[in-house]
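Have a look at the structure below before the remarks.
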Amino acid sequence: MTITWPSNTKEIIDQIRDAIGREIEIYITMSGVPCGLCELDPTTGLSTDPFCSGCDGNYWTVTTSGVTVDAHVRWYNSEQPLYTEGGIVHEGDCKVTITYSAENLNYIQNSKYFVVDGKELYMKNYTPKGVPSINRIAVTLLEDKG
């Protein structure tokens, strides 16, 4: 038996996500951002003000920046536990699926936290998905880091 995949599988999945999905924010850590309160000492590569309140004398700051992407969002609830041979497994609080691209994969891999429906969530894991080629990324999220 031969399976024939439509040539526009990614387009079809993106259209479904556009119809049933919504926007989420992925917050990523941005490093190497120059401090706006002081100047760079070219000799040391640090701030000219070792007591700068913006960068603590490092000149380079680490900030968090949010990007908005369209996602298919599925919230888990306590009525739908995952039953396995070893007992009930807490899979996560939310699963979001976004389109696969190198840029989106970079956002996922460098994520600090996500905001979905106004709630702050943290990544448990992610899985690239798709047949015959990868066309989406499923991310399992938790409301609590612990």
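For residues in segment 98-124 being assigned to a loop (DSSP other than H, G, I, E, B) and out of contact with any Ser or Thr (no Cβ under 8 Å at 6 or more places or on another chain), which is surrounded by the most Cβ atoms within 10 Å (Cβ to Cβ)?
My answer is TYR100.
Can you pull out every residue in segment 29-43 that is at pLDDT 90 or above and among the polar types (S, T, N, Q)?
THR43
Just give me the residues in segment 128-146 being surrounded by 12 or more Cβ atoms within 10 Å (Cβ to Cβ) and either touching a Cys at 6+ places or on another chain (Cβ under 9 Å) or β-branched (Val, Ile, Thr) (or both), in sequence order.
The answer is ILE134, ILE137, VAL139, THR140, LEU141, LEU142, GLU143.
Quick one: which strands (runs of 3 or more DSSP E) lie wholly within segment 54-93 and hold at least 2 residues that are in contact with a Lys or Arg (Cβ under 8 Å, 6 or more places away or on another chain) and modelled with pLDDT of 90 or more?
The qualifying strands (runs of 3 or more DSSP E) are 60-75.
Starting from segment 18-39, take each residue that is without any contact (Cβ under 8 Å) to a residue 40 or more places away in the chain and within 30 Å of LYS95 (Cα to Cα) and list its partners that are exposed (fewer than 13 other Cβ atoms within 10 Å of the Cβ) and not polar (S, T, N, Q), counting only C-beta distances under 9 angstrom and pairs at least six apart or across chains.
Qualifying pairs under 9 Å: MET30/VAL62; SER31/VAL62.
The values are calculated or read from the model by the stated rules, or taken from the named source; none is laboratory data. These numbers come from a predicted model, not from an experiment. Reconstructed Cβ throughout: ideal geometry from the backbone, glycine too, with neighbour counts over all protein chains shown.
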